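Novice: Structure incoming, see below.
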Amino acid sequence: MHTGLPPRVRRGRRRAGLLGAALLSALVVACGGRTEPDCAAAATELQRWIDETRGRAPRLPVHDLAARLANHDGAAAPTRGLLIEVTPQRLRIDGDELPPYESPAATELRDAHIGRAVADDPAAPLLLAIDVETPWSRILELRRQAEAAGARRLAFLFHDSRPRIPRPGPSAIDPSIDALSRDLSGAETTMTRLSLEVFGRCPQALDLAHELEHSAPGEAEATLALRLAPALRDCGCAADLASARVLYWAVSTWADAAGQSAVVVDLAGDDGDDGDENAIIAADPSTPWSTMAQRLIAAESEFAGAAPLRLRFTAAAE
């Protein structure tokens, strides 16, 4: 489904972050507030809508990698499991940034995190969000450690470009949002003007906006999903909630907060001893994940009837 949004928005973390922060600063529209029962009901309905729309394609809290995942519109990613963000330089596990790979401490921390996760929930997959530039060697190393720790499955996360949230509306800010969708060149100026036009009397929402100014786009969306409705309720709903919905939609869409899909690989049969793997994926250790991700997707398509999908990962020289 075409959203009309320029592709460069999804790739520009800095621009998306600035735009998301500006949008968050405009969450409250001065329109007087509501009675307490009416406000509570309106805030509950807004939260229900946010939860429902997010649930259509659950989004994991991938931090700086949201715009750097490989693309694949596939099955929704599992939300249970240890989240491991993999970059060419280091890992981030469950939100904790580890030292660079070369540090002995990085290996110790990685092994401890994975070991605890497997011990706590052996059936849960390890969720791998991999930067497209990460070399195959890092993925092979991580796969070996996962298997050594007793992990049963790896879920490779992808960016799913399908819109999670149909655009709500109409709202008073639709013309401005439409203009930004067509041309982002003056986004900061436009959003400053829009903030002045719609800024209201809700200090709780303003505090939330300030708190999220320097957040990564995905973090801003996730925090907004949890705290926007309570903030508006706390200030008596001194806001145009129709515009608040459109702003949440814009932050979610423009900050690259689409859902993640996943290809789940079963580690049984990955050691090559029992010969029941569906296929072997081998490449030079320096091959980037952008290339290997396409091979993984192709294998998933080829063995679509296989449950579970069993793939052996190796370096080309093995």
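Here, each number is a calculation from the coordinates, and none is a lab measurement. The structure presented is a predicted model; accordingly, all values stated were derived computationally and were not measured. Here the Cβ is made from the backbone with ideal geometry for all residues, glycine too, and neighbour counts use every protein chain on show.
Novice: Along each principal axis of its Cα atoms, how long is segment 69-139 end to end? Whole angstroms, biggest number first, please.
Specialist: 36, 31, 20
Novice: Oh, and also: List Tyr248, Tyr101 from most exposed to least, where exposure is judged by having the fewest other Cβ atoms within 10 Å.
Specialist: Tyr101, Tyr248
Novice: Next question, about the same structure. Count neighbours as other Cβ atoms within 10 Å of each site's Cβ, and list the GluC sites (Glu not before Pro) in segment 133-180 that are DSSP loop with at most 10 such neighbours.
Specialist: Listed in order of number, the matching sites amount to none.
Novice: So if we plug the beta-carbon distance of Asp38 and Asp121 into 1/(1 + (r/R0)^6) with R0 = 45 Å, what FRET efficiency do we get, rounded to 0.05? Walk me through the intermediate numbers first.
Specialist: Working: r = 43 Å, r/R0 = 0.95.
The calculated FRET efficiency here is 0.60.
Novice: Still on this model: Could you list the square roots of 5 times each eigenvalue of the Cα gyration tensor of segment 101-178, that is, the equivalent ellipsoid semi-axes, sorted largest first and rounded to whole Å?
Specialist: For segment 101-178, the ellipsoid semi-axes come out as 38, 16, 12 Å.
Novice: Please report Leu126, Leu91, Leu224 as a ranked list, fewest other C-beta atoms within 10 angstrom at the top and most at the bottom.
Specialist: Starting with the residue having the fewest Cβ neighbours, the order is Leu91, Leu126, Leu224.
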